[in-house]
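The values are calculated or read from the model by the stated rules, or taken from the named source; none is laboratory data. None of the values given here were measured: they were computed from a predicted structure. Positions of Cβ are generated from backbone atoms using ideal geometry, with glycine treated the same way; all protein chains shown enter the neighbour counts.
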Amino acid sequence: MAHSPTDSLVVPTIRLDKGEGLAEALRCLREFNPRVFLIFGGDPEDVQWLHETLEDQAGHPILLAADLERGAGQQFDGLTPLPDAWALGLLGPEAAYEAGHRTAAEAATANVRWILGPCLDLHRTSPEAIASPIIANRSFGGDIQKVIECAGAFIKGVQDAGGISCGKHFPGHGACGQDSHTELAVAFDDIEIHLEPYKALVQKMPSVMVGHIEFPMIDESGAPASRSKTIMNLLRENLQYNGLVITDSINMVGFGEPQEELAIEAINAGVDILLDPKDPIALAMSLRDALQRGDISEERLHQSTMRLDKIIRQSLDTEAANVKPLVLGGSMKSLLRPLPSGSGGRTHPRPALALNLASTPDANRFLEEWGIPILKPEEEPPQEFPGPLLILCGAREGHGLPDIPGNWLEAIHHHHPRIYMAGSPNAVDIAPAAARGWYVPGLSPALLGMLLTADEKEA
């Protein structure tokens, strides 16, 4: 089939974690000419073989992208899951640099060179601020300078390891109190605050992801940022950004329906790449028709293809770095703080039991490796706690922080186990008043494991 310049605007998704691999990718290659694929799951060897097969079939370079905010182990088996951005923000820029470097270096072993991260979003926790339920611990923090320093360090780490970074979610998902995955999202916080990380870092990023959030203070039309010409002009003209701009997944509710029609709006607004469509072939055919009708201009397409060409050339011309030993700083234990009613203490034994209110695959992986039983909230608490209790309380999509069931609160009150709380910057807000021991504010279970393991090694 003949190729069209619109083909390169569409990024299909390969979900090895759901058993959707080579066959679906080859079907896309037969029907149109994608140059980028978004990949979820698999082990590095499988992904590497898949990439080589796709390039052989396509007859041209294929760029693989992956969502890797929390290290290459966030997606790929056998690679390292890393602490979330909030934890890195507490550790500082050096840790953020090491995390970015290791992420890109490990991802390159699977031929994945485009790292969709870091988040430049602020997570403000002051009473007057709007707290985003979907950003939370994906943010380096609520302090503008900290976010700039840590996100900048992460970007530099990715670059030094031969990867391509992507700052997200322009102009700032932290200004919005809804989750754009599941609902129409409208920002009401002061947008100028949320733009500061982009003003400082945008020229250092080869690509930027634009979110599906309405910003009525910027654009009164009601279009989300990903379809707003006004907001794209803010990025292109006010911030003078000429790099590649991609959408967040257009399968998200915030983008809207029908995808084929709204995709044309996004491209004409200034977006270069449409990420993760529901039906990539149908979208590709629709964009070909739009080009023939004159609904998309040749000039607009030329701008996008030139930007994508630059990204692909960068991935081909830059050698991937070797994976270095992981060093996240020597003062990690200083992050452990007593609960308000805590007893203090100098040692931090490994948890004996985990209560999974809202966990993640990498957290579960750590717990399984430690041999720590994971109980669900609907299960009964033990008659006696065998040791410290780890409560995983990351925000649930669209619902904020979960509640600790009453029977568990009663058991904690009665037995007073030492408690670790992990998974959200606001974790301490739901800490049982009767608890004693330690909490880790906003630290991922991955980092908690590193802290506890390091403590055991030192003992």
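In table form, for the structure just shown:
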read-out	value
Test: Asp272 is within 26 Å of the chain's Cα centre (by Cα), crowded, with 18+ Cβ neighbours inside 10 Å and at positive phi	no
Residue within region 250-258 that is farther than 20 Å from Asp67 by Cβ, surrounded by 14 or more Cβ atoms within 10 Å (Cβ to Cβ) and in the same structural domain as Leu63 (by TED's automatic domain parsing) present	yes
Residue in region 168-176 that is modelled with pLDDT under 95, at positive phi and buried (at least 19 other Cβ atoms within 10 Å of the Cβ) present	yes
Extreme residue, modelled with the highest pLDDT, among residues of region 394-433 that are in a loop (DSSP other than H, G, I, E, B), among the aliphatic types (A, V, I, L, M) and surrounded by 17 or more Cβ atoms within 10 Å (Cβ to Cβ)	Ile404
Per-region count, region 194-209, residues within 15 Å of Gly172 (Cβ to Cβ) and among the hydroxyl-bearing types (Ser, Thr, Tyr)	1
Given (1) surrounded by fewer than 18 Cβ atoms within 10 Å (Cβ to Cβ); (2) hydrophobic (A, V, I, L, M, F, W, C); (3) at pLDDT below 95, index of the condition Met306 fails	(3)
Odd one out for Val208, checked against (1) part of a loop (DSSP other than H, G, I, E, B); (2) of a type outside the set (D, E, K, R); (3) in contact (Cβ under 8 Å) with a residue 12 or more places away in the chain	(1)
Boolean, Glu378 is over 27 Å from Gly177 (Cα atoms) and at pLDDT 85 or above	yes
Meets criteria (over 21 Å from Glu31 (Cβ atoms) and either part of a helix (DSSP H, G or I) or in the same structural domain as Glu183 (by TED's automatic domain parsing) (or both)) for Gln314	yes
Verdict on Ile267 being of a type in the set (Val, Ile, Thr), closer than 30 Å to Leu29 by Cβ, out of contact with any Pro (no Cβ under 7 Å at 6 or more places or on another chain) and modelled with pLDDT of 95 or more	yes
Exclusive hit being within 30 Å of Ile148 (Cβ to Cβ) and either out of contact with any Phe, Trp or Tyr (no Cβ under 7 Å at 6 or more places or on another chain) or surrounded by 19 or more Cβ atoms within 10 Å (Cβ to Cβ) (or both), set Phe32, Phe76, Phe37	Phe76
Meets criteria (surrounded by 24 or more Cβ atoms within 10 Å (Cβ to Cβ) and touching a residue at least 12 places away in the same chain (Cβ under 8 Å)) for Phe188	no
Set Glu20, Glu31: member being in the same structural domain as Gly142 (by TED's automatic domain parsing), more than 30 Å from Gly449 (Cα to Cα) and at pLDDT below 90	Glu20
Condition met for Glu183 (closer than 21 Å to Asn251 by Cα and surrounded by fewer than 23 Cβ atoms within 10 Å (Cβ to Cβ))	yes
Qualifying residue in region 89-105 (condition: crowded, with 17+ Cβ neighbours inside 10 Å and more than 24 Å from Asn322 (Cα to Cα))	yes
Where Ser226 falls short, out of the listed (1) buried (at least 19 other Cβ atoms within 10 Å of the Cβ); (2) of a type in the set (Gly, Ala, Ser); (3) not in a helix (DSSP H, G or I)	(3)
Region 179-238: number of residues that are under 30 Å from Asp160 (Cβ atoms) and of a type in the set (Phe, Trp, Tyr)	1
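Residue-wise test of (1) under 22 Å from Asn364 (Cα atoms); (2) among the charged types (D, E, K, R); (3) not in a helix (DSSP H, G or I).
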residue: Gly89; (1), (2), (3): no, no, no
residue: Ala95; (1), (2), (3): no, no, no
residue: Glu98; (1), (2), (3): no, yes, no
residue: Arg102; (1), (2), (3): yes, yes, no
residue: Ala105; (1), (2), (3): no, no, no
residue: Gly117; (1), (2), (3): no, no, yes
residue: Asp121; (1), (2), (3): no, yes, yes
residue: Lys146; (1), (2), (3): no, yes, no
residue: Cys150; (1), (2), (3): no, no, no
